[in-house]
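These notes are about the structure you will find just below.
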Amino acid sequence: MMRGTVSAVALAVLAGVGVSSAQDTQAFVPEAAPASSKSCRNGPLSRPRPGCAPALRRSTGNPYEDCVVRINQLRWECQCLPPLARWKGGEPCANKEAKHDSKHGPHRGFNEQICQPHGFAQNECPGWPSRAGIIDGCLQAMWDEGPGKRFSKHGHYLNMSNPNYERVACGFATTTSGEVWSVQNFR
C-alpha cells in the first residue's frame, strides 16, 4: 500500500465487546454551532454540506483528543451529527492494534481481535509521516469517501458518520522507520 493513502475498503466487523463505564469516555462539545446550524434543529442532514469543516482549528497538544475533535468536527459541521465521546478505555487496545498492524498489515489486529475492549467498526491510517498528518489528512480523506451507501466504496465515511456509534478510541503507533499508523475504533 502506498504511503499516506487510505485503503478503499474499510472493515466493519461486529466483534466481542468488553464492558466499560461512563468514566472512560469524554464528550466533545463544539465551542459554538456553525452559523448555518439552523438546519440542524431538525436533526442530521440527509447529505453533507459542501465544503464543510476546514482543517482542525487548533491542536489540543494531545493527538488522541485531536483525533476525536476532528472526527466530531466533520460529523457536526458536515452533517449535524452529535459528537462521539472520547473512549479512553478503548485507547490501549487501539494503540496495540495500530502497532500490530504496522507489522502485519491494515485491520489485522481488529480482525484477529488481539485485545479488548474492542470496537464495532474500525478505520485505519497506515504509514503516515506524522500524527498531525493523520488528523488533518487521513481523517479528511476518509470523510471525503462519502456520501454513499456501498460499504466497499464509502466504508470509512460510513463508519465516521454512523449515528448509532456513541464513542471512538483513536490509537497510534510509530514504526522504527518513523511511519505513523493510526486506528479509530468506533462503538
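The values are calculated or read from the model by the stated rules, or taken from the named source; none is laboratory data. From a predicted model like this one, the values you see are computed outputs, not experimental measurements. Please note: Cβ atoms are built from the backbone with ideal geometry, for glycine as well, and neighbour counts cover all protein chains shown. Surface accessibility is based on the protein's heavy atoms, side chains included, excluding ligands, DNA and RNA. Shrake-Rupley method; radii C 1.70, N 1.55, O 1.52, S 1.80 Å.
Figures for the structure shown
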{"quantity": "Accessible carbon and sulfur surface of region 70-115 relative to its total accessible area, %, 1.4 Å", "calculated": "51 percent"}
{"quantity": "Segment Thr174-Ala141, extension gain: residue separation times 0.36 nm, minus the distance between their alpha carbons", "calculated": "9.8 nm"}
{"quantity": "Karplus (6.51, -1.76, 1.60) ³J(HN,Hα), θ = phi - 60°, over region 78-90, in Hz, Gly and Pro reported as x", "calculated": "9, 9, 6, 8, x, x, 8, 6, 6, 8, 5, x, x"}
{"quantity": "Cβ-based net charge around Met142, under 13 Å, with every Lys or Arg adding one and every Asp or Glu removing one", "calculated": "-1"}
{"quantity": "Neighbourhood net charge (15 Å Cβ-Cβ; Lys/Arg +1, Asp/Glu -1) for Arg108", "calculated": "-1"}
{"quantity": "Extended-chain gain in nm, criterion 0.36 nm per residue less alpha-carbon gap, Lys149 and Gln113", "calculated": "10.3 nm"}
{"quantity": "Rg/Rg_globular for region 90-187, with Rg_globular taken as 2.2 N^0.38 Å and Rg from C-alpha atoms", "calculated": "1.01"}
{"quantity": "Qualifying aspartates and glutamates (Cα of each under 15 Å from Cα of Lys96; at least 8 residues distant if same chain)", "calculated": "Glu112, Glu124"}
